[in-house]
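**Student:** Right, I'll just put the structure down here and ask away after.
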Amino acid sequence: MTYIQEFEAEFQKKLEGSEDTAAIVRWVSEKVLESYRNGITAGQQGAKVIRQGESRRRGLPSKAA
């Protein structure tokens, strides 16, 4: 299972369970922060992400003349 699939499954269980809204919001916030920190750590280690296909940028701004 991927990270997102695991997150979705756990999130769904929490929504269907008896936890209050504040507890679910706290849990989601913690998961998002954890994911963000993991991304920062990976970036500091110099990990490169190579994507196949075209760039997602719409175009670069033109240089000043």
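The values are calculated or read from the model by the stated rules, or taken from the named source; none is laboratory data. Here the structure is a predicted model, which is why all the values come from computation and not from measurement. As a convention, Cβ positions derive from the backbone with ideal geometry for all residues, glycine included, and neighbour counts pool all protein chains shown. Quick note on the areas: whole protein, heavy atoms, side chains included, nothing else; ligands and nucleic acids left out. Shrake-Rupley method; radii C 1.70, N 1.55, O 1.52, S 1.80 Å.
**Student:** Do you know which residues across the range 19-38 are hydrophobic (A, V, I, L, M, F, W, C) and touching a residue at least 24 places away in the same chain (Cβ under 8 Å)?
**Tutor:** Initial filter on the range 19-38 (hydrophobic (A, V, I, L, M, F, W, C)): 22-25, 27-28, 32-33.
Result: no residue meets the conditions.
**Student:** Provide a single number: the residues in the range 5-25 that are assigned to a helix (DSSP H, G or I) and either of a type in the set (Val, Ile, Thr) or open to solvent by less than 90 Å² (accessible area, probe 1.4 Å) (or both). If you could, list the steps in order and put the result at the bottom.
**Tutor:** Step one: filter the range 5-25 for residues assigned to a helix (DSSP H, G or I), giving 5-16, 21-25.
With the extra rule that they be either of a type in the set (Val, Ile, Thr) or open to solvent by less than 90 Å² (accessible area, probe 1.4 Å) (or both), the set shrinks to 7, 9-11, 14, 21-25.
Summing the residues that are assigned to a helix (DSSP H, G or I) and either of a type in the set (Val, Ile, Thr) or open to solvent by less than 90 Å² (accessible area, probe 1.4 Å) (or both) in the range 5-25 gives 10.
**Student:** Right, next: Consider the range 35-65. How many of its residues are part of a helix (DSSP H, G or I) and either open to solvent by less than 90 Å² (accessible area, probe 1.4 Å) or modelled with pLDDT of 75 or more (or both)? Break it down stepwise before answering.
**Tutor:** Of all residues in the range 35-65, those part of a helix (DSSP H, G or I) come to 35-44.
From what is left, the residues that are either open to solvent by less than 90 Å² (accessible area, probe 1.4 Å) or modelled with pLDDT of 75 or more (or both) are 35-43.
Number of matching residues: 9.
**Student:** Which of the following residues is open to solvent by 70 Å² or more (accessible area, probe 1.4 Å), aliphatic (A, V, I, L, M) and assigned to a helix (DSSP H, G or I): 28, 32?
**Tutor:** On the way: 28 fails: open to solvent by 70 Å² or more (accessible area, probe 1.4 Å).
Within the list 28, 32, the selection yields 32.
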